[in-house]
Amino acid sequence: MSPTSSDSEAQGPDGQAIKKFLAYLRHERRVSPHTLSNYRRDLDTLGDFCRQQLITEWNALRDHHIRSFAARLRRNGLAGRSIQRTLSAIRSFYNYLLREGMARINPAATVSAPKQQRPLPDVLDVDQVARLLEIKADDPLNLRDRAMMELMYSSGLRLSELAGLDLTHIDLADRTVRITGNGAKTRIAPIGRFALEALRQWFKMRPTLANEDESAVFVNRNGTRLSQRSIQERMRQWAIKQGMDKHVHPHMLRHSFASHLLESSGDLRAVQELLGHADISTTQIYTHVDFQHLASVYDKAHPRAKKKRR
């Protein structure tokens, strides 16, 4: 007979410690609900492992236990990147336990996941972006969609950042947008001239759709804030309507913004600031995209790289 959930919890480490850690992340670190869900799932998986190993206290875990746990995740088919995320969650959890006096060591501190090549982000080229944004200004919803896509491409916004924009975040006179990103960090990004003009046209029509007390920049037919899901769907529909031959999603415009800016300027630090990346290593992925573009140009143009015609 299998044990009940309460028996199972009694055999493993204190589940309250995880709840307190998650509350700390939610209220003090202000992480996103998605990130919080990932932490909960990763730590619950570790708790299950501890119960199977008859480990009853968080303080009893050592690095060899964590290595065994990571190896099990690998055998179960988890990708290296996902294992890295899980180990990062465990390290953060134990740093919290150390601060609270609930552990003496961090058993995950020296454990690393197997290295895995980071996939390059899918981007649109300049002509594809122009094609996507060729939207006739003959309808309020068309004006709205053009404005939100122009702004995302112009300023490198994440989907959540775009959906969360309020009217007070846009300064048309200063040509800037104030963005609240991951970890509630705020950054200021410039607005390009095409996005600026698209926003001005949208703001003229916005009162015909928006409820009187609605603060969101982009609203739906009901006059309330446009959801992230709706933005994704509208962009997907526009890609089909404009005859695009690939699946277009909001983050692709952010990737394209970063790649095109880096290709033109070569200034990695500036791109990092504009994207709101805490670590420049995250931004460096776009140097590989840029190199991929340069390699393609080289292969087509260099006399010694061209293939001989039959």
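What follows draws every value from the coordinates through simple rules; no lab data is involved. These numbers come from a predicted model, not from an experiment. Cβ placement follows ideal geometry from the backbone for every residue including glycine, while neighbour counts extend to all protein chains displayed.
Worth pointing out:
- Protection proxy ranking, highest mean first, for peptides 41-54, 81-94, 175-188: 81-94, 41-54, 175-188, where packing is the per-residue count of other beta-carbon atoms within 10 Å, averaged.
- Note on region 41-195: dipole from Cβ charges, positive end direction compared against ILE83, LEU54, ALA189; the farthest Cα belongs to LEU54.
- Gyration tensor verdict on region 5-99 (Cα atoms; rounded if a/c is under 1.5, prolate if a/b is larger than b/c, oblate otherwise): oblate
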